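Input: a single structure, listed below in structure tokens.
The values are calculated or read from the model by the stated rules, or taken from the named source; none is laboratory data. Just so it is clear, the model here is predicted, and its values are computed rather than measured. Cβ: placed from backbone, ideal geometry, glycine included. Neighbour counts: every protein chain shown.
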Amino acid sequence: MLPIDFSLIGTGHSHPSGNLSPSPVDLNNFLGSILMLVAYPYTDKNIAVYNHNGEKLTLKIENA
């Protein structure tokens, strides 16, 4: 239940099951340009980003 905010880039949530694929519910409730999923065991190797079609996007994680 997010308010309307046109500066929003996307949303993210966890999948405790370890499955990094977006579900139909994930895609039907898509908000913004991207969906980020983080799956158990919640490491940098268990993060995925998708567009509104459910296509996996490239994610580059840089250490600051």
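Looking at region 28-46, which of the residues that are at pLDDT below 95 and within 14 Å of G10 (Cβ to Cβ) is surrounded by the most Cβ atoms within 10 Å (Cβ to Cβ)? Among residues in region 28-46 that are at pLDDT below 95 and within 14 Å of G10 (Cβ to Cβ), the one surrounded by the most Cβ atoms within 10 Å (Cβ to Cβ) is F30.
Could you check region 22-50 and list, in sequence order, the residues that are hydroxyl-bearing (S, T, Y) and either part of a strand (DSSP E or B) or without any contact (Cβ under 8 Å) to a residue 24 or more places away in the chain (or both)? First the steps, then the outcome.
Pass one, region 22-50, residues hydroxyl-bearing (S, T, Y): 23, 33, 40, 42-43, 50.
S23, T43, Y50 - these are the residues of region 22-50 that are hydroxyl-bearing (S, T, Y) and either part of a strand (DSSP E or B) or without any contact (Cβ under 8 Å) to a residue 24 or more places away in the chain (or both).
In the set (1) surrounded by 15 or more Cβ atoms within 10 Å (Cβ to Cβ); (2) acidic (D, E); (3) assigned to a loop (DSSP other than H, G, I, E, B), the condition left unmet by E62 is number (1). Scanning region 1-21 for residues that are of a type in the set (G, A, S), outside any loop (DSSP other than H, G, I, E, B) and more than 13 Å from L59 (Cβ to Cβ) yields a single hit, S14. I'm trying to understand the selection: among the residues of region 1-18, which are polar (S, T, N, Q), at pLDDT below 95 and either surrounded by 12 or more Cβ atoms within 10 Å (Cβ to Cβ) or within 9 Å of the chain's Cα centre (by Cα) (or both)? If the condition is that a residue be polar (S, T, N, Q), at pLDDT below 95 and either surrounded by 12 or more Cβ atoms within 10 Å (Cβ to Cβ) or within 9 Å of the chain's Cα centre (by Cα) (or both), then T11 is the only one that fits.
Restricting attention to region 3-24, which residues are under 23 Å from D44 (Cβ atoms) and not polar (S, T, N, Q)?
From region 3-24, those under 23 Å from D44 (Cβ atoms) are 9-23; that's our starting set.
The answer is I9, G10, G12, H13, H15, P16, G18, L20, P22.
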